[in-house]
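Here is the structure we will look at.
Each reported figure results from applying straightforward, stated rules to the coordinates on display, with no laboratory input. On a predicted model such as this, the values are computed, not experimentally measured, just so you know. So basically every Cβ, Gly included, is an ideal-geometry build from the backbone, and we count neighbours across all protein chains shown.
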């Protein structure tokens with residue numbers, strides 16, 4: 001009898017702990033009327049790892065109703081026949097697609113250009129494009145595989161004319177990264193960063209390196225690397241001063257909520273753990289064409305729940 005009572009007590013405690021963990025696993029405000037979206041990158045493997053993360057990703061929408069998803073490239077690895085679009089995109093994300101959630105893709109180095117014509121990537125046949133989901137917020141999907149004059153001229157024109165408080169570029173190759181395999185794309189940085197500074201871009205999303213990294217703000221801009229929705233390169237993070245937070249021990253996705261001048265972010269692993277969270281505060285300066293080299297963007301970190309492992313980066317010898 002005493003054994004049975006102890007068992008019931010233990011079950012009650014476990015139930016309470018589980019309920020508490022579930023109640024606190026969302027760090028975002030989740031307020032009515034805010035803009036909510038998600039970020040994935042390097043996703044399209046079609047293997048069990050992509051499917052496992054996609055399950056967590058889909059389940060989280062029950063708690064956080066993100067309205068759309070941006071894809072930071074390498075949407076499809078290997079073969080890209082019609083059946084591959086089904087296996088590597090439509091099946092893993094079916095619960096979200098069935099709810100009418102749109103995915104907006106950028107092209108990665110493994111992506112065939114004709115992905116731009118795939119209806120569910122919402123590129124409308126264009127390798128670079130822009131969309132505005134809400135007044136005051138505009139996204140710019142870029143093709144970082146081939147940053148030619150046509151695209152740069154288009155980007156400057158669109159940035160200048162957007163009139164948006166939040167201008168959010170997303171593309172595949174990161175301007176800043178602590179990855180030892182790829183790392184920062186210096187040539188692309190020389191092309192894009194002057195425009196980002198001139199037109200007061202506050203936050204940039206990219207993929208390519210197979211991990212999560214939040215870069216220390218660079219010249220007033222917060223850069224994120226999110227390239228772990230289908231592949232992970234464990235031990236690739238080699239922090240030499242750029243990294244604020246990093247995670248290369250598992251797969252991940254990002255959840256974002258924009259509330260006025262605040263952008264809240266939460267990064268969740270394939271085990272359902274929060275590996276990073278915080279707030280990016282929008283810089284209200286009209287131009288930062290001649291900024292200080294010191295970081296000026298405000299990024300406020302939030303406490304990470306117990307059991308999370310925010311970084312597995314190692315120093316280079």
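In terms of the Cα gyration tensor, with a ≥ b ≥ c the square roots of its eigenvalues, is segment 32-301 rounded because a/c is under 1.5, prolate because a/b exceeds b/c, or oblate? Rounded is the answer for segment 32-301, as its axis ratio a/c remains below 1.5. Most simply put, segment 32-301 has about 65% antiparallel DSSP beta bridges, counting only bridges with both residues inside it. Report, in whole Å, the centroid distance computed from the Cα atoms of segment 46-115 and segment 236-262. One Cα centre to the other: 20 Å. Fewest neighbouring Cβ atoms within 10 Å first, the residues 258, 268 line up as 258, 268.
By DSSP, the beta bridges lying fully in segment 118-204 are antiparallel in about 45 percent of cases.
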